[in-house]
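The block underneath contains the structure these notes are about, expressed in structure tokens.
The values are calculated or read from the model by the stated rules, or taken from the named source; none is laboratory data. The structure displayed is predicted, hence computed values, not measured ones. All Cβ positions, even for glycine, are placed from backbone atoms using ideal geometry, and neighbour counts span all protein chains on display. Each accessible area value is taken on the protein alone, full model and side chains, heavy atoms only, with ligands, DNA and RNA left out. Shrake-Rupley method; radii C 1.70, N 1.55, O 1.52, S 1.80 Å.
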Amino acid sequence: MQFNAVFKKVPEGYIGFVEELPGANTQGKTLEEARANLHEAIQLTLKANRELAEEYISELEEVIREPIFVRL
């Protein structure tokens, strides 16, 4: 998977977020730390979204699940 990470220098260090993934944001004292933290934030956000989807799907009687690929 590829996402667009955005970082901004702030007095405390750096903040970062992913344009395509609301909720995936972080901070770090250095740019390297912010990058590492954002990587973890992406993983945690995707995991949380999948768990929420599983809860919702389990309440439905019948669903179709399939991969979808989007080219921008």
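The alpha-carbon of K29 sits under 20 angstrom from the alpha-carbons of these lysines, leaving out residues fewer than 8 places away in its chain: K8, K9. To the nearest 10, the accessible area of R35 is 120 Å² with a 1.4 Å probe.
With the whole protein complex present, E54 retains an accessible surface near 80 Å², based on a 1.4 Å probe. The long axis of helix 31-58 is offset from the longest Cα principal axis of the chain by roughly 20 degrees.
Top to bottom by accessible area (1.4 Å), largest first, where do L46, L52 land?
Details: L46 35, L52 105 Å².
My answer, sorted largest first, is L52, L46.
Where Rh denotes the Kirkwood radius from the mean inverse Cα pair distance, what is Rg over Rh for the chain? Could you put the intermediate results ahead of the total?
Details: Rg = 15.6 Å, Rh = 14.0 Å.
Taking Rg over the Kirkwood Rh, I get 1.12.
Other residues whose C-beta falls under 9 angstrom from the C-beta of F3 contribute a net charge of -2, scoring Lys and Arg +1 and Asp and Glu -1.
A straight chain from N49 to Q2 at 0.36 nm per residue would run longer than the Cα-Cα distance by 15.2 nm.
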